[in-house]
Amino acid sequence: MIVGAGGFARETAQAARDAGEVELLGHLDDDPALHGTDVDGVPVLGGCDLVHDLPEARVVICVGNPRDYAARARLVRRFGLPEDRYTTVIHPTAAVSSTSEIGPGSVLLAHCVLTAAVRVGAQVAVMPHVVLTHDDVVEDYATLTAGVRLGGGVRLERGAYVGSGALVREGTTVGAWSQIGMGSAVLDDVPPGEVWVGSPARRLRAAGAPALDELATSTVGGPLT
């Protein structure tokens, strides 16, 4: 079951169908107007709490946007499911090295590349054509949108959001629940809870309220070490 019925959820459903390794039961979404409809031929079964009514079904959470990229973390807390209920979806065109690791609930879309000894945590969203190079660490709930490139040894802390086409210099850390604007070039460490934009990237402002609230209150899991 895919939690969400928006763009990311639809892309994940397509990746699951292309991979052909799971039976796709349907979407769950809290918008009642969607219940009983189809999205790209996949039914919307009902509200998100139906995850508890089908205990044998695996789950992947596909919600969030630049204005609220903490949504996945809140849903994980709300559901309280064991880790083994979450599945990992990897598009068949993704190139994942044998030395790389991917956590439960994460999604890798088409043409992603994980080169060597890359560590991706739980509930991470990796959009098409993202390149993660040697020794990168991507912590839980991070989002990497289309075309992001990370140099070697980069660390994206918990919940970090990296906009489309952004470049992150090798050895750099992007702090928890920070946001990098699309097309930015990050040359220096980014503190937690800040928005950085430009080339080279500079601080624009504090992150939005959902991200700052999650930074202050999150107790789900812990960072990769």
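The values are calculated or read from the model by the stated rules, or taken from the named source; none is laboratory data. What you see is a predicted model; the values in this text were computed from it and never measured. Here Cβ is always computed from backbone atoms with ideal geometry, including for glycine, and neighbour counts include all displayed protein chains.
Checking each residue in the range 149-174 for being of a type outside the set (Lys, Arg), part of a strand (DSSP E or B) and surrounded by fewer than 24 Cβ atoms within 10 Å (Cβ to Cβ) picks out Leu167, Thr173.
Scanning the range 41-81 for residues that are outside any loop (DSSP other than H, G, I, E, B), of a type in the set (Asp, Glu) and more than 16 Å from Gly208 (Cα to Cα) yields a single hit, Asp49. For the range 71-107, the candidate set comprises residues that are touching a Phe, Trp or Tyr at 6+ places or on another chain (Cβ under 7 Å) and touching a residue at least 24 places away in the same chain (Cβ under 8 Å); within that set, the residue that is surrounded by the most Cβ atoms within 10 Å (Cβ to Cβ) is Arg72.
Restricting attention to the range 17-65 and to residues that are surrounded by 16 or more Cβ atoms within 10 Å (Cβ to Cβ) and of a type in the set (D, E, K, R), the residue that is farthest from Arg85 (Cα to Cα) turns out to be Asp29. Just wondering, is there one or more residues in the range 212-224 that are over 18 Å from the mean Cα position of the chain (by Cα), among the polar types (S, T, N, Q) and under 15 Å from Thr133 (Cα atoms)? Scanning the range 212-224, I find no residue that is over 18 Å from the mean Cα position of the chain (by Cα), among the polar types (S, T, N, Q) and under 15 Å from Thr133 (Cα atoms), so the answer is no. A Cβ distance below 6 Å, combined with a sequence gap of six or more or placement on separate chains, defines the contacts here; from the range 119-137, residues that are within 17 Å of Thr93 (Cβ to Cβ) and assigned to a loop (DSSP other than H, G, I, E, B) reach residues that are β-branched (Val, Ile, Thr) and at pLDDT 95 or above in the pairs Met127/Thr145; Val130/Val148. Scanning the range 179-196 for residues that are assigned to a loop (DSSP other than H, G, I, E, B) and out of contact with any helix residue (DSSP H, G or I) (no Cβ under 7 Å at 6 or more places or on another chain) gives Gly181, Met182, Gly183, Ser184, Leu187, Asp188, Asp189, Pro191.
Quick one: would you say Asp30 is charged (D, E, K, R) and part of a loop (DSSP other than H, G, I, E, B)? Answer is yes for this residue.
Do you know which residues across the range 138-148 are part of a loop (DSSP other than H, G, I, E, B) and polar (S, T, N, Q)?
Thr145, the sole residue that qualifies.
Checked across the range 1-23, the condition of being among the hydroxyl-bearing types (Ser, Thr, Tyr) and part of a helix (DSSP H, G or I) holds for at least one residue. Taking the range 17-70 as the range and being free of Cβ contacts under 8 Å to residues at least 24 places away in the same chain, among the charged types (D, E, K, R) and within 14 Å of Gly6 (Cα to Cα) as the test, the residues that pass are Asp30, Asp38.
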